Amino acid sequence: MNNDTLLYRQVHPSWIQDGQITSQVFIPTPKDEKMLSAYDGDIVSSQDSWIHYTGELGNESDGVVAVSYEECAIQNVTPLPDPETFDAHVLIDYSSQSESKIRKRISKELKSCALNRGWLYQP
């Protein structure tokens with residue numbers, strides 16, 4: 001990964017309101033243990049990440065958006081390769097952000113970056 005690497009996030013149908021993604025796309029839930037799953041755009045395409053997520057993993061996704069490695073780093077959430085899970089898996093590490101309000105602010109910033117980039121894949 002480098003600063004320009006895109007990190008693909010799958011968008012669950014419930015994370016879309018009025019046709020736009022919500023910041024929920026970029027905030028870890030309690031079960032995530034402050035680690036947000038993404039796909040490494042240097043290894044897999046946005047379409048192939050969607051196929052893997054919905055087909056092989058059996059999850060729901062209305063499409064794929066992305067933030068860059070650098071956009072995460074600016075927000076002090078570090079993308080970490082996690083090839084043990086699968087080759088293109090990345091964890092965006094929020095563990096250094098202990099306050100919920102800070103994680104929410106970061107998720108809004110990353111959502112803005114993703115919205116500026118637009119959908120990268122929709123079925």
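The values are calculated or read from the model by the stated rules, or taken from the named source; none is laboratory data. Model, not experiment: these values are computed from the prediction. We place every Cβ from the backbone using ideal geometry, glycine too, and count neighbours over all the protein chains shown. Each accessible area value is taken on the protein alone, full model and side chains, heavy atoms only, with ligands, DNA and RNA left out. Shrake-Rupley method; radii C 1.70, N 1.55, O 1.52, S 1.80 Å.
Going through region 6-25 one residue at a time, which ones are free of Cβ contacts under 8 Å to residues at least 12 places away in the same chain and part of a strand (DSSP E or B)?
Gln17
Condition check: touching a Phe, Trp or Tyr at 6+ places or on another chain (Cβ under 8 Å), without any contact (Cβ under 8 Å) to a residue 60 or more places away in the chain and open to solvent by less than 50 Å² (accessible area, probe 1.4 Å). Does Ala66 satisfy that?
no
Condition first: surrounded by fewer than 20 Cβ atoms within 10 Å (Cβ to Cβ), more than 14 Å from Arg9 (Cα to Cα) and in contact with a His (Cβ under 9 Å, 6 or more places away or on another chain). Can you find one or more residues in region 88-100 that meet it?
Within region 88-100, none of the residues are surrounded by fewer than 20 Cβ atoms within 10 Å (Cβ to Cβ), more than 14 Å from Arg9 (Cα to Cα) and in contact with a His (Cβ under 9 Å, 6 or more places away or on another chain).
If the Cβ limit is 9 Å and pairs must be 6+ apart or interchain, which residue in region 32-45 that is in contact (Cβ under 8 Å) with a residue 24 or more places away in the chain pairs with which residue that is basic (Lys, Arg) and open to solvent by less than 50 Å² (accessible area, probe 1.4 Å)?
If the second residue must be basic (Lys, Arg) and open to solvent by less than 50 Å² (accessible area, probe 1.4 Å), the pairs left are Lys34/Arg103; Leu36/Arg9; Ser37/Arg9; Ala38/Arg9; Tyr39/Arg9.
Residues are listed down the side, and each one gets a yes or a no for (1) in contact with a Gly (Cβ under 6 Å, 6 or more places away or on another chain); (2) over 16 Å from Val77 (Cα atoms); (3) of a type in the set (Ser, Thr, Tyr):
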| residue | (1), (2), (3) |
| --- | --- |
| Gln24 | no, no, no |
| Thr29 | no, no, yes |
| Ser37 | no, no, yes |
| Gln47 | no, yes, no |
| Gly55 | no, yes, no |
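Spot the failing condition for Ile74; the list is (1) crowded, with 16+ Cβ neighbours inside 10 Å; (2) within 19 Å of Cys113 (Cβ to Cβ), and only one is missed.
Unmet condition: (1).
Test each condition in (1) open to solvent by 70 Å² or more (accessible area, probe 1.4 Å); (2) at pLDDT 95 or above; (3) under 21 Å from Ile16 (Cβ atoms) for Pro81 and report the one that comes out false.
Of (1) open to solvent by 70 Å² or more (accessible area, probe 1.4 Å); (2) at pLDDT 95 or above; (3) under 21 Å from Ile16 (Cβ atoms), only one is false for Pro81: (3).
Write out, first by first residue and then by second, each pair whose Cβ atoms fall under 9 Å of each other, whose residues are 6+ apart or on separate chains, and whose first residue, in region 92-120, is over 17 Å from Ile21 (Cβ atoms) while the second is basic (Lys, Arg) and open to solvent by less than 50 Å² (accessible area, probe 1.4 Å).
Filtered contacts from region 92-120: Tyr94/Arg103; Gln97/Arg103.
Would you mind listing the helices (runs of 4 or more DSSP H) fully within region 26-123 where at least 1 residues are within 16 Å of Met1 (Cα to Cα)?
46-51, 69-74
Let me spell it out: the conditions are (1) over 12 Å from Lys111 (Cα atoms); (2) crowded, with 20+ Cβ neighbours inside 10 Å, and Lys31 meets all of them except one. Which number is the exception?
(2)
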